[in-house]
Amino acid sequence: MLIPSSLPFNKGTKEGGAGNDIPDDENRYATDYLWNEVLLPDNLLNILARYAHLEIKETEDWEGRKTKKETLIFPRYHQWDVVRKLIGAARTEGTGHRYLVQHSAGSGKSNSIAWTAHQLSTLYKDDGDKQFHSVIVITDRTVLDDQLQDTIYQFEHADGVVGRINSKEGQGSKSEKLASALENAQPIIIVTIQTFPFVLAAIESSTNLQKRRYAIIADEAHSSQTGDTARKLKEVLMVDGEAKEAELSVEDKLNASVAARRKSGNLSYFAFTATPKAKTLETFGRLANPDEPPSKKNLPRAFHVYSMRQAIEEGFILDVLKNYTNYKVAYKLAQKIAATDEEVDSKRTKVKVGRWVRLHEHNISQKVKVIVQHFQEHVMGLLGGQAKAMVVTSSRKEAVRYKLAFEKYLAEHKSSIAVMVAFSGEVQFDQNDPDSAAILDEKFTEKNMNPGLKGRDMRKAFDTDDYQIMLVANKFQTGFDQPKLCAMYVDKPLGGVECVQTLSRLNRTYPGKAESGTFVLDFVNEPDDILAAFQPYYQTAELADVSDPDKIFELHEKLRASGIFTWNEVERFCEAFLTRKKSNAAVSNICKPAVERWQKRYSSAVAAYEQARDMLDRMKKSGDAVLIANGENSLKECKQEKDRLEIFKKDLGSYTRYYEFMSQIVDYDDIELEQLSLFARYLRPLLREQVLDEDDIDLDNVVMSHYRLSKIRQQAIVLQERQLKEDSPEYKLEPGCDMGTAKPKDKKEEFLSQILARLNELFITDNLSDADLINYPYRVPDEEAAVVPFWWWGET
């Protein structure tokens, strides 16, 4: 029976919208797929037998009373369609392929993954052998673990079909549990992203396992499925059992490593994500013409798409940009005592002042006032008084400051609003932080800042009436489903996928939420930047171009021309590294000459740089312009050699990452590229840079004299439908192409007063007045102050 939660049961349009396309044949109905596809006897019986199931959810109210809610789950069209097509492709194409599924939030990915995993695990070839001996699901969502267990049990009515590999369940270590699950060919094995490396070790230690076929389902297309981890998995799966018994030569192992970077014949990937990055599209996407190499005219695309636009139009998620308000923060910063003015590194000062400003007590207290007043007036009464809000901060220190400011403001106004804060680890303030004298000796943790939790899980506690606002610092911005979340207050620079994932915490539906809408108040970002982040994922995510495979050869030659290592050392290293009898000491000794060459040149460059810097300081005291110019040129020349050696180390990392990524896509079939990748990965951590004793930037003399928090505009940011017109703007994903382009950081020194004066000239248009004056026991002359819009500081 079709139930309301599965409606509308539409296919969607070619443009990614809701509804159905009008057929070219005027004698056909737009909904004829229902009886021509879905209601065919075989398909209908398959849906009833392998999709429809009873979902039981347990909820707990504020008094601890638990209730169960039962819902009959029937697949929506896109869920049935993607599972059917994935299973059909796996059946006809066999193993060794990749499938990227771009399904928006609200698409029901958890059920789609559960159905796919179950049906892949029961898929058989024509000869009666299983298509996949095990289906390995990689996820960090415990809700998916439970959902897979419960859903599949209803189909199989048997225990042991799904196995979770973690430290909490079962006996033995993770590696022992994995080995047992794999050896016994457990149909579905669930692992976390951290546990996945144990899969490699378990398979590598067994010749029998290497002959089997596996399906890897990646929830949110984790980056571990590209690069070195994926290569290692394929490598251990591709060595023949007979060859494994014999002693493999170094050449055999290198050839196996190179071959492993190609597509494996016994491994298939099924990647599910709402927001595929460019690298994800290149790795898992399907070429329009698979016989041709990737290019701008032959771009990889997703195997199946259920777009954000369709999910919004069908009412399964909300449009979080409909009520977006941006604010602008402006300051006047000045020095208390002009006589203490000194030269400072301009870039480092900008970063440090930016942090200082964001942590300033007055800055945060003014934002807290806006947040609380907005929450009380527009949010608190929604959803029958159950509405929640989230405040997104840039750092753990800011999160702590916000919590303290909330406590102070709410106590002063005798408000009943309760706030929790989420951050990892322990936070301490130092003397360089503004207004920190009273809290210098305190250590802040989630536990001591949330006494009301009393041991409860934060997600569950936030779902009760005990809390209304959650402050976060790099936590709960992804994978956190709280349908009662109605408002988000953003005090953090956001861009790209992070922006979409963070604001999308608001898009979950709840009774009455669609009518009341959601709210975003943004203190940092510009509306155009938010639009640019969301637009690529509104319909089908597309690449603008593909990564250039030839860049790896350019960087290969650049590294070889550095004079840090010889190719003979690279070959000897690979021979020792791939020979099991060789000790770690033997491997390290081969790298020692290269390390010593780099270290000798680097130490010499650093010594010359420090000497030139000291000379320049003495020349500046003389006041002789010619001597100062000569000193600056000498310092610049000394710095160039130091920069070259530091960039060499960065290039080693760039080479390794780019080769691991591109070799999943392009068949280089080049042992020298592989050899340098192994050598570079090992050499890079052995090159230790020296942290120079840079002059500390003392901001104790800086004050904030004026402050204004201005509401700029409340608007709906309208996501645009993709147009076929040539002059329409394109929002496509650009491939990463900055490999090997590291540049030295040029140091520019200015007096602190000059930096403030320069800012004053650039940003004087705010016209701050005495009405914006912060109450300090002294007055700062206007000519010494700088007007600084908050967005100028950028991300630090």
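The values are calculated or read from the model by the stated rules, or taken from the named source; none is laboratory data. Predicted, not measured: the structure shown is a model, and the values here were computed from it. Virtual Cβ from ideal backbone geometry, glycine too; neighbours counted across all protein chains shown. To get the accessible areas, we keep the full protein, side chains included, count just its heavy atoms, and leave off ligands, DNA and RNA. Shrake-Rupley method; radii C 1.70, N 1.55, O 1.52, S 1.80 Å.
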Subject >> Enumerated helices (runs of 4 or more DSSP H) restricted to the range 526-593, each holding at least 1 residues that are among the charged types (D, E, K, R) and closer than 30 Å to G17 by Cα >> reply: 527-534
Original post:
Can you find even one residue in the range 340-358 that is touching a residue at least 12 places away in the same chain (Cβ under 8 Å), part of a loop (DSSP other than H, G, I, E, B), among the aromatic types (F, W, Y) and in contact with a strand residue (DSSP E or B) (Cβ under 8 Å, 6 or more places away or on another chain)?
Top reply: no
Original post:
Among all residue pairs at least 6 apart or on different chains, which show Cβ distances below 9 Å where the first residue, located in the range 625-647, is free of Cβ contacts under 8 Å to residues at least 40 places away in the same chain and the second is of a type in the set (D, E) and outside any helix (DSSP H, G or I)?
Top reply: K636/D746
**OP:** Filter the range 495-525 for residues that are assigned to a strand (DSSP E or B) and touching a helix residue (DSSP H, G or I) at 6+ places or on another chain (Cβ under 8 Å) and give the result.
**Re:** F519, V520, L521, D522
Original post:
open to solvent by less than 10 Å² (accessible area, probe 1.4 Å) and among the aliphatic types (A, V, I, L, M): does that describe L531?
Top reply: no
**OP:** Can you give me the number of residues within the range 597-636 that are under 39 Å from the mean Cα position of the chain (by Cα) and loosely packed, with under 12 Cβ neighbours inside 10 Å?
**Re:** 1
Original post:
Which pairs have Cβ atoms under 6 Å, sit 6 or more apart or on different chains, and link a residue in the range 283-306 that is open to solvent by less than 90 Å² (accessible area, probe 1.4 Å) to one that is of a type in the set (F, W, Y)?
Top reply: R286/F303; F303/Y99
**OP:** Considering only residues that are among the small types (G, A, S) and open to solvent by less than 40 Å² (accessible area, probe 1.4 Å), look in the range 562-596 and name the one that is modelled with the lowest pLDDT.
**Re:** A586
Original post:
Which pairs do you get when a residue that is at pLDDT 90 or above, found in the range 61-85, comes within reach of a residue that is β-branched (V, I, T) and part of a strand (DSSP E or B), reach meaning Cβ atoms under 8 angstrom, with the pair 6+ apart or on two chains?
Top reply: V82/V101
**OP:** Working carefully through the options D550, D651, find the one that is under 35 Å from the mean Cα position of the chain (by Cα), exposed (fewer than 13 other Cβ atoms within 10 Å of the Cβ) and at pLDDT 85 or above.
**Re:** D550
Original post:
Could you count how many residues in the range 151-196 are surrounded by 17 or more Cβ atoms within 10 Å (Cβ to Cβ) and either modelled with pLDDT under 70 or not in a loop (DSSP other than H, G, I, E, B) (or both)?
Top reply: 17
Subject >> Filter pass, V427 being crowded, with 19+ Cβ neighbours inside 10 Å and under 23 Å from M380 (Cβ atoms) >> reply: no
Original post:
Restricting the search to the range 367-424, which residues are open to solvent by 20 Å² or more (accessible area, probe 1.4 Å), farther than 30 Å from P511 by Cβ and in contact with a strand residue (DSSP E or B) (Cβ under 8 Å, 6 or more places away or on another chain)?
Top reply: S394, R396, K397, E407
Subject >> Total residues in the range 119-144, condition under 14 Å from V161 (Cβ atoms), part of a helix (DSSP H, G or I) and modelled with pLDDT under 90 >> reply: 0
**OP:** Report, by residue number, each residue of the range 484-510 that is in contact with a Pro (Cβ under 9 Å, 6 or more places away or on another chain) and under 27 Å from K66 (Cβ atoms).
**Re:** R508, T509, Y510
Original post:
Looking at this structure, is E58 at pLDDT below 85, touching a Lys or Arg at 6+ places or on another chain (Cβ under 7 Å), open to solvent by 40 Å² or more (accessible area, probe 1.4 Å) and farther than 19 Å from K125 by Cα?
Top reply: yes
Subject >> Leading residue by the ranking (most open to solvent (accessible area, probe 1.4 Å)) among those in the range 475-494 that are part of a loop (DSSP other than H, G, I, E, B) and modelled with pLDDT of 90 or more >> reply: P483
**OP:** Inspect all residues belonging to the range 75-93 and state whether any of them is open to solvent by less than 30 Å² (accessible area, probe 1.4 Å), touching a strand residue (DSSP E or B) at 6+ places or on another chain (Cβ under 6 Å), of a type in the set (S, T, N, Q) and under 29 Å from K277 (Cβ atoms).
**Re:** no
**OP:** Hey, could you check the range 495-514 for residues that are among the β-branched types (V, I, T) and closer than 18 Å to T275 by Cβ and say which is most open to solvent (accessible area, probe 1.4 Å)?
**Re:** V497
Subject >> The listed residue being surrounded by 19 or more Cβ atoms within 10 Å (Cβ to Cβ) and under 24 Å from R65 (Cα atoms), out of D463, D457 >> reply: D463
